[in-house]
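J.: Quick one: the structure is below, and I'll ask about it shortly.
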Amino acid sequence: MILYAEVVFPLPLGQSFFYIIPPKDLDGAKPGVRVIAPLGQKMQAGFIVQVHERRPSGEVPLKEIREVIDDEAVFSPAALSFTRRLSLHYCSSWGEFLQAMLPPSLEIKTSAKVRLTEKGIEALQNKTLSTEEKKVAEILGTSAYSAFYLRRKTGMKSLRSLILRMEKKGLVQVLETKKRPKKRDQPPIRGRPTQLELDFLVDPAVRSALDAMVGPLEKKTFAPFYFFGDREARRAAYVHLIRSVLASSRQVLYLLPELAPSGPLRDMLEERLGEAVGSFHGQMPEKARELEWQNIKAGARRVAVGPRSVLFAPAENVGLIIVDEEQDEAYVQSESPAYDARRGAWLLATERGSLLVSGSDVPTVEAFHRARAGNYLITLAGSGEKKNVLVADDRSERGLLTRALRDGLLKNLSAGRPSLVFSNRRGYASLLFCPRCGHIPKCKRCDISLAYYKKEERLVCRYCNGSRPKTPSCPACGSRVMEPRGVGTEAVEEELRRLFSRARISSFDSDRMKTKAAREK
């Protein structure tokens, strides 16, 4: 009997591929396992998402799976279903979503080395190679080297295409090796003393509404709610609800828009709940991410906190998903695979029969309208307060900061209170502009304008992170004047230091806060 495997790959592809399952792998090739299969000219690791008895339509000849990697399925049917729905909803790669759910110990890292074949050695001896081919062949000799080593030795930018041409001629052979990181041992889990507290912010009406949520929780049916109130009131309500979920032996996913607040939040939850809380995000060191993955998978971490990637934590028995600061656009991932974690949380909650609780004191209009129309809006303390907001029109003013902003900062400094100034651009300016000829320096690879970093005197591409030194004059017309356009955090900091020279000023952005120690400081 011939069976056919439908396979997706962790690449930005919008389709699956079909392969013949070899007779020796009929028992092991099942949905949720990883396989090695030919894709184009290479062998690629992928995931079986479905097994078919009928051959797919079409006259294209099918290839066989080369190897089944896993003895047991890595992904549960629920995980496959959730990532499939997310993939269809956002037209993103199913394989990349599955890859995001893997721990480091299951990620297969491929390395390739190039060596001369017998035909290549003969061609080198007979002097029938081109100048570039000869240069590569002389470096290789009887050894095998990586493309990175060859590029460094030859200085060729088009080395990849040259190696492909030589491979087609049979002059070289590309040897691929796949390495699997070692699985880490799971450390013992130690709880923390519970902090005795009284939830004064949870009034009787709210407490009654929270207790009513236990019904859908026990029935394992999906139910959405929206907590409208200030942060302290929301967190008090979250903790009250989390305790009910943990009492029912289910897990909690707590999403935040940014990574930085997850550490203090985790400490607060550990103090109030009296047990270890997991932290799960893509910037964790490989060892720490592996251990957290194992702990969440085993149920030793019943609460997981972090940014949008928490959606892909291996929690199978999810009873509650919290999306705090729902209005924040940081929940949207624009790079592949693209998705909105707020919608992803809704899909995951419906898939697992979980409670979904979103919260904010400045909700998006769409979410607030849906919650009020659907009768699942819960008003907490502090939601009726009028916000002290002033919109300043800077079109008639000169300078980087408006007079209203300068006066507000000065008032705060005089009172000894801290101030937060937000700017939505990193660096000094979004671009440099030549007023004489209109030239804007752009990335040669990405064809987008380069951001200007004044402290380093460099131009940086936001897409590929390539950079080059800033030239003292316009490369197009030679003008000595290049004007910055689009204010960045460096320019804001420079202006603040000029206006308030005695104030202690610090900047917080991803260019400077690259380590955990820097973020904590």
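J.: Name the residue that is most open to solvent (accessible area, probe 1.4 Å), counting only residues in the stretch 302-357 that are under 24 Å from residue 92 (Cα atoms) and among the acidic types (Asp, Glu).
T.: 329
J.: May I pose another question? For the stretch 233-253, give me each residue that is assigned to a helix (DSSP H, G or I), open to solvent by 10 Å² or more (accessible area, probe 1.4 Å) and farther than 21 Å from residue 306 by Cβ.
T.: Looking only at the stretch 233-253, we keep the residues that are assigned to a helix (DSSP H, G or I), and these are 233-247.
After this cut, where a residue has to be open to solvent by 10 Å² or more (accessible area, probe 1.4 Å) as well, the list is 235, 240, 243-244, 246-247.
Selection gives 240, 244, 247.
J.: What's the total number of residues in the stretch 43-54 that are within 26 Å of residue 112 (Cα to Cα) and open to solvent by 30 Å² or more (accessible area, probe 1.4 Å)?
T.: Filtering the stretch 43-54 down to residues within 26 Å of residue 112 (Cα to Cα) leaves 43-48.
Filter once more, so that each one left must be open to solvent by 30 Å² or more (accessible area, probe 1.4 Å): 43-44.
Within the stretch 43-54, residues that are within 26 Å of residue 112 (Cα to Cα) and open to solvent by 30 Å² or more (accessible area, probe 1.4 Å) number 2.
J.: Within the stretch 249-263, is even one residue among the small types (Gly, Ala, Ser) and more than 25 Å from residue 333 (Cα to Cα)?
T.: The first filter runs over the stretch 249-263 and keeps only residues among the small types (Gly, Ala, Ser), leaving 249, 260, 262-263.
Those left that are additionally more than 25 Å from residue 333 (Cα to Cα): 249.
Checked against the condition, which is being among the small types (Gly, Ala, Ser) and more than 25 Å from residue 333 (Cα to Cα), the stretch 249-263 yields at least one hit.
J.: Before we move on, is residue 467 touching a strand residue (DSSP E or B) at 6+ places or on another chain (Cβ under 6 Å), more than 27 Å from residue 328 (Cβ to Cβ) and open to solvent by less than 70 Å² (accessible area, probe 1.4 Å)?
T.: Working: touching a strand residue (DSSP E or B) at 6+ places or on another chain (Cβ under 6 Å): yes; more than 27 Å from residue 328 (Cβ to Cβ): yes; open to solvent by less than 70 Å² (accessible area, probe 1.4 Å): yes.
The answer is yes for residue 467.
J.: Output the qualifying pairs, or none if there are none: Cβ atoms under 7 angstrom, residues six or more apart or on different chains, first residue in the stretch 80-95 and of a type in the set (Gly, Ala, Ser), second residue assigned to a helix (DSSP H, G or I) and open to solvent by less than 20 Å² (accessible area, probe 1.4 Å).
T.: Correct list of pairs: 87/97; 93/87.
J.: Can you tell me which residue in the stretch 112-153 is farthest from residue 11 (Cα to Cα), limited to those that are in contact (Cβ under 8 Å) with a residue 40 or more places away in the chain and open to solvent by 50 Å² or more (accessible area, probe 1.4 Å)?
T.: 119
J.: Here is a follow-up. Residues in the stretch 55-68 that are touching a strand residue (DSSP E or B) at 6+ places or on another chain (Cβ under 8 Å) and open to solvent by 20 Å² or more (accessible area, probe 1.4 Å): how many? If you could, list the steps in order and put the result at the bottom.
T.: Step one: filter the stretch 55-68 for residues touching a strand residue (DSSP E or B) at 6+ places or on another chain (Cβ under 8 Å), giving 55-56, 62-68.
Now narrow it down to the ones that are open to solvent by 20 Å² or more (accessible area, probe 1.4 Å): 55-56, 62-64, 66-68.
Qualifying residue count, the stretch 55-68: 8.
J.: Which pairs turn up if I take residues in the stretch 197-221 that are of a type in the set (D, E, K, R) and at pLDDT below 75 and look for partners that are surrounded by 10 or more Cβ atoms within 10 Å (Cβ to Cβ) and not in a helix (DSSP H, G or I) with beta carbon separation below 8 Å, at least 6 apart in sequence or on another chain?
T.: That search, which allows pairs on different chains as well, returns 203/381.
J.: Tell me which residues, restricted to the stretch 254-292, are in a helix (DSSP H, G or I) and open to solvent by less than 30 Å² (accessible area, probe 1.4 Å). Walk me through it before giving the result.
T.: Step one: list which residues in the stretch 254-292 are in a helix (DSSP H, G or I), which gives 262-273, 286-292.
Within the stretch 254-292, 262, 263, 265, 269, 270, 273, 290, 292 qualify.
J.: What number of residues within the stretch 30-42 satisfy the criterion of being closer than 14 Å to residue 10 by Cβ and either open to solvent by less than 50 Å² (accessible area, probe 1.4 Å) or among the β-branched types (Val, Ile, Thr) (or both)? Give the steps one after another, and end with the answer.
T.: Initial filter on the stretch 30-42 (closer than 14 Å to residue 10 by Cβ): 34-37, 39, 42.
Among the residues that remain, those that are also either open to solvent by less than 50 Å² (accessible area, probe 1.4 Å) or among the β-branched types (Val, Ile, Thr) (or both) are: 34-37, 39.
Matching residues across the stretch 30-42 total 5.
J.: Going by the conditions given, is residue 358 among the hydroxyl-bearing types (Ser, Thr, Tyr), in a strand (DSSP E or B), touching a Lys or Arg at 6+ places or on another chain (Cβ under 9 Å) and within 29 Å of residue 242 (Cα to Cα)?
T.: Yes.
J.: Give the stretch 385-421 a look and list any residue that's open to solvent by 100 Å² or more (accessible area, probe 1.4 Å), within 36 Å of the chain's Cα centre (by Cα) and either among the charged types (D, E, K, R) or modelled with pLDDT of 90 or more (or both), or say none.
T.: Of everything in the stretch 385-421, those that are open to solvent by 100 Å² or more (accessible area, probe 1.4 Å), within 36 Å of the chain's Cα centre (by Cα) and either among the charged types (D, E, K, R) or modelled with pLDDT of 90 or more (or both) turn out to be 385, 386, 417, 418, 420.
J.: For the stretch 47-146, list the helices (runs of 4 or more DSSP H) that sit wholly inside it and hold at least 3 residues that are among the β-branched types (Val, Ile, Thr) and closer than 30 Å to residue 169 by Cβ; which are they?
T.: Those helices (runs of 4 or more DSSP H) span 131-140.
The values are calculated or read from the model by the stated rules, or taken from the named source; none is laboratory data. Remember, it's a predicted structure, so these values are computed and weren't measured experimentally. Here Cβ is always computed from backbone atoms with ideal geometry, including for glycine, and neighbour counts include all displayed protein chains. Side chains are part of the model used for accessible areas, which takes the heavy atoms of the whole protein and leaves out ligands, DNA and RNA. Shrake-Rupley method; radii C 1.70, N 1.55, O 1.52, S 1.80 Å.
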